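Read through the structure below, which is laid out as structure tokens, and then see the notes.
What follows is calculated from the coordinates using simple rules that are stated; it is not laboratory data. A quick note: this is a predicted structure, and the numbers were derived from the prediction, not measured. Cβ: placed from backbone, ideal geometry, glycine included. Neighbour counts: every protein chain shown.
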């Protein structure tokens, strides 16, 4: 489904954001990308749909090399890749429904978009998705009237309505509180499994990654330093990925009311701590 | 209450007012420059002091002649005002429309560099020159009359609105553009769905403001023959027809005032 | 990946605007189009001129190039005069506008009548274009830079006065209250309570208006009020297009320069 071959990105000022990254996702799984800041997590996602152009290497989506596509070919390819952003990136002055429907912009003509007369199938799907993410009835609300968690859910609906072959998710929970973060992650994982779509999720919070993802990739300095199932993660591996940075600080503290099983699991992990791992 | 001291010598700590220009030397230097400047200019400018002195008495006579204002040729004045208003209205609508593509060309985050430079150059060139200069060029090409005036106002209005549009687009959070691009939308759909909703409120407000400014400017382009009440006014001055000039001036003030009120009412309604 | 089957229980129509809103929007568009068309058709325009306009423009442009370099020496004196007109005009306007602003500000004026008079003077000054003031003052003082200085001053009073009065209205009333409570006189309240708060606005507005006035002063010569406009007007009327180009370049130069100065000073203040 998705294959990255020797992907590299060097910025004009010499920073090497990605160094010869090789990655294959050949089944519909939830893949979390973790790593310290500056490791290249955002860059790798943006190189896949070419919001950032890579310096060398190939990105193969269902066998087609995205890096060599023309402008119109790229647009067609982007239709099949849904992206969800850290800052939600909704068009604030438009309604929720328009924001969700904007996922279908790659498929409709200009005048259809202008008159907002999207095909009936799209509108039905939009209503269904809004209900699925728990926002039924909000379709006429303006996007900037929503809370952070609600906006992110609109963003998810926008990405899913594209019926994509791949979901790219860039730090979806960085601006959210712990409880909402878990709700969002849950929705993402459920949708991904329901629709058999592989997702690449860029996550800063190690505990969330472990809890919700099937597979974890650790990036450090633009290189892949770990690629395995989330059950294989140990504190030693985390120290290897994060190096100088203390990965326990990425875990957001819970309020006492939350009593997910996830809290207990992370407590156990934290107890072992990076200091212990060095012994 | 005895003053408290911080040093052994018993001296009070000093304080100073905070002035706009802190450095004392710079302040006195600037003051000196200002005084020198005024003296120098008064000597170098070609000033005919006798004419000035007589001018004040002449002004007195003029104002005496201006009152009461001449109301007999109201029809002529009304035609001039109507022409000015029509020029302003037409120019505002066309200016609004034209400003959109030019403003988009002037936004560095939307278009490639050469297009950006082209768009910005147009905006800068048309804003640097006073609209009367632009008016004279149009008069030379299209002859006397309101055509030159309308075109002048369109050019002046377009560059003003286009500059606002370009700045608004450049101030947009870049993530919005990213998100819509990531869905595979083409450039026109990007403009429609992402750029348009964000700039629309300010665009409308600026355009309505421009309508009011166009009314003000339409009164002046007539001085070089580009139509409107300005042409009527210039004619009265050259004929020493001062009482009619006064009527026209009062009408212009009233018109501009009315325009300001209407435009601020519309803008508050849009908010 | 195929889309999952959507059940038919979800609505398949969605409209952004209610029918009334849609109607109102289209009525609005129609009105705008109608106004534009009516205004344009009612004007006395000879549409015939559009036919050969491009030829005329091309002709004029070729006549304008290359710029007449020798003409530059005629330009320096008028350019300097232009700058003087703008500077002295702006300075005088600030001196007059400053007390007027206090009259026109709701919180420092004496009563409703003085407020109204203050606002009326400012509005009148703003409504008449600099060039029109120029016409008036040329009739009074005769042609020359003095008429220009008065014209610039009279127009700028409204601009500067309005902005200063708005700044005065926005000051912190608590400061004034505190000072009045100590028994300070009106003048003292003014100097120490109000003035420091509005000083940055005064300086900023003055520089801003000076920059605009440089642009206005370049054309005052069209009505005989001095400055480089006199040369430009005569060159255009004599069809000496190459001189016109040099003059335009010179005007472009000082306008851009004044904009730079104004932007730098205003940034330094805030």
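Ellipsoid fit via the Cα gyration tensor, the protein assembly as shown: semi-axes of 62, 36, 27 Å, each the root of five times an eigenvalue, largest first. Ellipsoid semi-axes for the stretch C:71-269, based on the Cα gyration tensor and the rule √(5λ), read 38, 18, 11 Å when sorted largest first. For a Förster distance of 30 Å, can you work out the FRET efficiency between the beta-carbons of residue C:117 and residue B:75, rounded to the nearest 0.05? Efficiency, rounded to the nearest 0.05: 0.35. Considering only C-alpha atoms, what is the centroid distance from the stretch A:155-209 to the stretch B:162-191, in Å? With the stretch A:155-209 and the stretch B:162-191 each reduced to a Cα centre, they are spaced 25 Å.
Stretching residue C:46 away from residue C:249 to a fully extended chain increases their span by 69.9 nm, per 0.36 nm per residue minus the current alpha-carbon distance.
Among A:186, A:78, A:93, determine the one that fluctuates most according to a GNM of chain A built with springs between C-alpha atoms less than 10 Å apart. In the Gaussian network model the winner is A:93. What is the Rg over Rh value, at two decimals, for the stretch A:63-201, using alpha-carbon atoms and the Kirkwood definition of Rh? Ratio of gyration radius to Kirkwood radius for the stretch A:63-201: 0.96. Averaged over the residues of B:243-255, the number of partner chain Cβ atoms lying within 10 Å of the residue Cβ comes to 2.
Entry for the stretch C:117-225 at q = 0.18, 0.19, 0.24 Å⁻¹: log10 I(q)/I(0) = -0.86, -0.91, -1.18, Debye formula applied to identical alpha-carbon scatterers, no solvent contribution.
Express in % the proportion of alpha carbon pairs of the stretch B:124-206 at distances exceeding 17 Å. Here the tail beyond 17 Å accounts for 59 percent of pairs. Counting only other chain Cβ atoms within 10 Å of each residue's Cβ, the peptide B:124-135 averages 6.
Using every pair of distinct Cα positions in the stretch B:81-152, the Kirkwood expression returns a hydrodynamic radius of 13.6 angstrom. With the biggest extent put first, the Cα atoms of the stretch A:90-163 measure 31, 23, 18 Å across the principal axes.
Round to a whole angstrom and tell me the spacing of the C-alpha centers of the stretch B:142-159 and the stretch B:106-132. The stretch B:142-159 and the stretch B:106-132 have Cα centres spaced 19 Å from each other. Using the empirical formula 2.2 N^0.38 Å as the baseline, the Cα radius of gyration of the stretch C:14-166 reaches a ratio of 1.64. A viscosity of 1.567 mPa s and a temperature of 4 °C, combined with the Kirkwood radius over Cα pairs in Stokes-Einstein, give a translational diffusion coefficient for the stretch A:155-237 of 95 µm²/s.
Going by neighbour counts of Cβ atoms within 10 Å, the residues B:178, C:216, C:170, A:98 line up, fewest first, as C:170, B:178, A:98, C:216. Placing a label point 7 Å from the Cα of residue C:56 along the Cα-to-Cβ direction, the residues of the stretch B:153-187 whose backbone N falls under 17 Å of that point are B:153-155. Taking 10 °C and 1.306 mPa s as conditions, the stretch C:74-162 diffuses translationally at an estimated 117 µm²/s according to Stokes-Einstein applied to its Kirkwood radius (Cα pairs).
Can you give me the distance in nm between label points at residue B:59 and residue A:115, each placed 7 Å from the Cα along the Cα-to-Cβ direction? In this crude label model, residue B:59 to residue A:115 measures out at 6.4 nm. Sorted from longest to shortest, the spans of the Cα atoms of the stretch C:8-99 along the three principal axes equal 82, 54, 35 Å. Considering only alpha-carbon pairs that sit under 8 angstrom and 6 or more positions apart, the relative contact order computed for chain A is 25 percent.
Taking every C-alpha pair closer than 8 Å and separated by at least 6 residues, the mean separation divided by the residue count of the stretch C:71-269 gives a relative contact order of 28 percent. A viscosity of 1.567 mPa s and a temperature of 4 °C, combined with the Kirkwood radius over C-alpha pairs in the Stokes-Einstein formula, give chain B a diffusion coefficient of 56 µm²/s.
Considering only A:174, A:159, A:39, the mean-square fluctuation computed in a Gaussian network model of chain A, springs between alpha carbons under 10 angstrom, is largest for A:174.
Note on the stretch A:30-144: Cα Rg divided by 2.2 N^0.38 Å, N the number of residues, gives 1.24.
Only residues of the stretch C:36-52 count here: report those whose backbone N is under 11 Å from the spot 7 Å along Cα→Cβ of residue B:265, or say none. Counting backbone N atoms under 11 Å from the label point, the list is empty. Residues A:204, A:193, C:54, arranged from fewest to most other Cβ atoms within 10 angstrom of their Cβ, appear as C:54, A:193, A:204. Just to be sure I understand: with springs between alpha-carbon atoms less than 10 Å apart, which residue in C:96, C:45, C:149 has the highest mean-square fluctuation in the Gaussian network model of chain C? Evaluated over chain C, the most mobile residue of the options is C:45.
Inter-chain Cβ neighbour count for B:187-195, averaged per residue, equals 4 (cutoff 10 Å, partner chain atoms only). Computed from the C-beta positions of residue A:8 and residue C:80 and an R0 of 35 Å, the FRET efficiency is 0.05 to the nearest 0.05. Here the calculated FRET efficiency for residue B:258 and residue B:14, from their Cβ-Cβ distance with R0 = 60 Å, stands at 0.55, rounded to the nearest 0.05.
Contact order for chain B, expressed relative to its length and based on alpha carbon pairs under 8 Å spaced 6+ residues apart, stands at 25 percent. By the count of other C-beta atoms within 10 Å, a proxy for reagent exposure, A:22, A:47 are ordered fewest to most as A:22, A:47.
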